[in-house]
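Here's the structure, in structure tokens; my notes come after.
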Amino acid sequence: MPDPETPGPKAPDPGTPGPKVPGPKVYGRQASAPGDGDALVVLRGVDKHFGTLHVLRSIDLTIRRGEVVVVIGPSGSGKSTLCRAINRLETIDSGEIRIDGRPLPAEGRELARLRADVGMVFQSFNLFAHKTVLDNVTLGQIKVRKKDRKTAEERARSLLDRVGVAAQADKYPAQLSGGQQQRVAIARALAVDPKVMLFDEPTSALDPEMINEVLEVMRQLARDGMTMAVVTHEMGFARSAAHRVVFMADGRIVEETTPEEFFGNPRSARARDFLSKILHH
Amino acid sequence: MFDFLEGYDLLGAFWVTVQLTFWSALGSLVWGTLLAAMRVGPVPLMRGFGTAYVTVVRNIPLTVIIVFTSLGLFQTLGISLGADRFTTINFRLAVLGLTAYTSAFVCEALRSGINTVPLGQVEAARAIGLSFPQILRIIVLPQAFRSVVGPLTNVLIALTKNTTVAAAIGVAEAALLMREMIENEAQLILISAIFAFGYICLTLPTGLLLGRLAKKVAVKR
Ligand SMILES: Nc1ncnc2c1ncn2[C@@H]1O[C@H](COP(=O)(O)OP(=O)(O)OP(=O)(O)O)[C@@H](O)[C@H]1O
Ligand SMILES: [Mg+2]
């Protein structure tokens, strides 16, 4: 478990009045993504605790339409929590999250509808184990987007084709390899036409020979203009597909810049330290 | 040797047992599922009700519940469940009592099944925009049921045997007939053996059949 205290000025406790102490300097904050798309996902001053553990510390982050943001950082830095907060699988203590201009609703149908606009791909695939691959991909279309079965199946088959698992449509998830399951999971998320896709370490549970088939699907998605936030340790993917790299440590965004800048010339000591560790392997 | 069976409607009595079991099983499956849904749901009031119901009902002897349906519901409150013949009223009251009792066990079996469904299944369902009732109905309960066919079979077998308690309020099922025969005939051991065999004929195939079903529907992960 990493030390939750970061060096540098302490972030203001949420709720305690007093002089606002500036947070740590974020390097490269001005760097903008290619294209001047409008803001699709906006986080403002997001704070989150797990008990006494401060996992997200006044996070400000904007993801523009069509932008691919890669989030990297050491284990326990809050990357998963950040992802999960964006579609409210995790509640936040304070701050604000907006999707396409609308604040995340707290509960109920409104929230369910908004969640459909935010696709999510999990490390452990989480395909519905009792449903076939095809049913996994049609379910959301039929129950959430209210499409009829025929339309949903056509779309499902074309999505499965696009991720290269069309031949597996009638199998159950347990009959597929990890790489195939994850590609189905991507198709399932795409099927409800999300505005943005979140990936939380989508290749971390895969055998090495399967990582590329999943990354290739993601690269294609990025080329097609999908807005994406990707938590990953795949630096090759970050270099080739990301418009922007967000580096997190101890619940803060420490550095936020282009992949070239980040890998070529990391500004913060934390990022340099992190890169030296992972690039050695 | 079996002359003493003359004049007793053995098959008729076991048919009543089957009917009691069937309707009570159906009722407790529905009510037990609703109770389980309440217990895992987000509404505190429903959760509280579900928990209280199961705790109370599980700890009352079935005989007390069955007798209460007759003395309390029918004779005191005049609830006759839409029937006007005594036998029908008693039959329905017994089904009500058995359902009320058995559903607590169905609920608990189902809840343990719900606990076997990985959280990731629920999160993935939330992430594609399904609502809580949809997630329960389409994702969680189907997987939960598949994993508790075994425990539910035990509940069903217990229910089959528990229908004997309906004799307490005069429902003419097998146990009542057995009591009558024991009073009137001399072959006590033989009578007991015949009824034991009758119950085994009901429960054994159920167990075998559902055991096979359990293997067939098990969710592979
Ligand atoms: N449900 C939870 N309850 C309590 N603590 C939690 C919970 N989920 C995460 N944490 C803690 O919050 C911190 C941030 O977790 P998070 O999963 O966001 O990190 P991460 O950056 O995704 O790490 P990793 O690279 O290991 O996936 C960790 O210290 C973790 O132990
Ligand atoms: Mg993580």
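The values are calculated or read from the model by the stated rules, or taken from the named source; none is laboratory data. Bear in mind that the values here come from a model prediction, so they are computed numbers and not experimental data. Cβ placement follows ideal geometry from the backbone for every residue including glycine, while neighbour counts extend to all protein chains displayed. With ligands, DNA and RNA removed, areas are computed over all heavy atoms of the protein, side chains included. Shrake-Rupley method; radii C 1.70, N 1.55, O 1.52, S 1.80 Å.
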Exercise. Out of all the residues in the stretch A:77-85, is one or more under 15 Å from A:Leu198 (Cβ atoms) and among the hydroxyl-bearing types (Ser, Thr, Tyr)?
Worked result: yes
Exercise. If you check A:Gly95 against the conditions, is it more than 16 Å from ligand 2 (Cβ to nearest atom) and farther than 21 Å from B:Ile135 by Cα?
Worked result: yes
Exercise. Within the stretch B:122-131, can you find the residues that are facing chain A (nearest Cβ under 8 Å), in a helix (DSSP H, G or I) and open to solvent by 10 Å² or more (accessible area, probe 1.4 Å)?
Worked result: B:Glu123, B:Arg126
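Conditions (1) crowded, with 17+ Cβ neighbours inside 10 Å; (2) within 16 Å of ligand 2 (Cβ to nearest atom); (3) in the same structural domain as A:Gly236 (by TED's automatic domain parsing), marked per residue:
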{"position": "A:Ser58", "(1), (2), (3)": "yes, no, yes"}
{"position": "A:Val71", "(1), (2), (3)": "yes, yes, yes"}
{"position": "A:Ile99", "(1), (2), (3)": "yes, no, yes"}
{"position": "A:Glu110", "(1), (2), (3)": "no, no, yes"}
{"position": "A:Arg113", "(1), (2), (3)": "no, no, yes"}
Problem set entry | Selection count, the stretch A:115-150, where residues are at the interface with chain B (Cβ under 8 Å from one of its Cβ atoms), aliphatic (A, V, I, L, M), more than 16 Å from ligand 1 (Cβ to nearest atom) and open to solvent by less than 20 Å² (accessible area, probe 1.4 Å) | 5
Exercise. Quick one: would you say B:Lys216 is within 14 Å of chain A (Cβ to nearest Cβ), on the phi < 0 side of the Ramachandran plot, open to solvent by 30 Å² or more (accessible area, probe 1.4 Å) and assigned to a helix (DSSP H, G or I)?
Worked result: yes
For this session: Examine the stretch B:92-113 for a residue that is in a loop (DSSP other than H, G, I, E, B), polar (S, T, N, Q) and out of contact with any Asp or Glu (no Cβ under 6 Å at 6 or more places or on another chain), and state whether such a residue exists.
Result: no
Problem set entry | Residue check, A:Ala166 farther than 21 Å from B:Glu123 by Cα, away from chain B (no Cβ under 13 Å) and open to solvent by less than 50 Å² (accessible area, probe 1.4 Å) | yes
For this session: State whether the residues of the stretch B:145-152 include one that is outside any helix (DSSP H, G or I), surrounded by 14 or more Cβ atoms within 10 Å (Cβ to Cβ), without any contact (Cβ under 8 Å) to a residue 12 or more places away in the chain and within 14 Å of chain A (Cβ to nearest Cβ).
Result: no
Seminar exercise, completed: Residue pairs within 8 Å by beta carbon, gap of at least six or interchain, first lying in the stretch A:105-117 and closer than 20 Å to A:Gly95 by Cα, second open to solvent by less than 60 Å² (accessible area, probe 1.4 Å) and among the aliphatic types (A, V, I, L, M), listed first then second, are A:Pro105/A:Leu111; A:Pro105/A:Leu114; A:Leu111/A:Leu104; A:Leu114/A:Ile99; A:Leu114/A:Leu104; A:Arg115/B:Ala127; A:Arg115/B:Ile128
Seminar exercise, completed: the stretch A:217-281: helices (runs of 4 or more DSSP H) wholly inside it with 1 or more residues that are aliphatic (A, V, I, L, M) are A:235-241, A:269-280
Problem set entry | Number of positions in the stretch B:98-121 that are open to solvent by less than 10 Å² (accessible area, probe 1.4 Å), of a type outside the set (A, V, I, L, M, F, W, C) and touching a residue at least 60 places away in the same chain (Cβ under 8 Å) | 2
For this session: Would you be able to say whether some residue in the stretch B:183-196 is among the charged types (D, E, K, R), open to solvent by less than 30 Å² (accessible area, probe 1.4 Å), within 19 Å of B:Ala13 (Cα to Cα) and in a loop (DSSP other than H, G, I, E, B)?
Result: no
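Residue-wise test of (1) within 14 Å of chain B (Cβ to nearest Cβ); (2) buried (at least 18 other Cβ atoms within 10 Å of the Cβ); (3) more than 16 Å from ligand 1 (Cβ to nearest atom).
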residue	(1), (2), (3)
A:Ile186	yes, yes, yes
A:Val192	yes, yes, yes
A:Val196	yes, yes, yes
A:Asp200	yes, yes, no
A:Ala205	yes, no, no
A:Ala222	no, yes, yes
A:Gly225	no, no, yes
For this session: For A:Thr227, indicate whether it is more than 15 Å from the chain's Cα centre (by Cα), of a type in the set (Val, Ile, Thr) and more than 16 Å from ligand 2 (Cβ to nearest atom).
Result: no
For this session: Determine which single condition A:Ala106 fails, assuming it passes every other condition in (1) in a loop (DSSP other than H, G, I, E, B); (2) buried (at least 17 other Cβ atoms within 10 Å of the Cβ).
Result: (2)
Exercise. Any chance the stretch A:44-54 includes a residue that's within 11 Å of ligand 1 (Cβ to nearest atom) and open to solvent by less than 30 Å² (accessible area, probe 1.4 Å)?
Worked result: yes
For this session: Spot the failing condition for B:Thr206; the list is (1) part of a helix (DSSP H, G or I); (2) of a type outside the set (D, E, K, R); (3) over 23 Å from the mean Cα position of the chain (by Cα), and only one is missed.
Result: (3)
For this session: Pairs only if they're at least six apart or on different chains, beta carbon under 7 angstrom, first in the stretch A:49-73 and touching a residue at least 12 places away in the same chain (Cβ under 8 Å), second surrounded by fewer than 20 Cβ atoms within 10 Å (Cβ to Cβ) and of a type in the set (Val, Ile, Thr); list them, first residue then second.
Result: A:Thr62/A:Val42
Problem set entry | Unmet requirement for B:Ile135, which otherwise passes all of (1) more than 10 Å from every other protein chain (Cβ to nearest Cβ); (2) part of a helix (DSSP H, G or I) | (1)
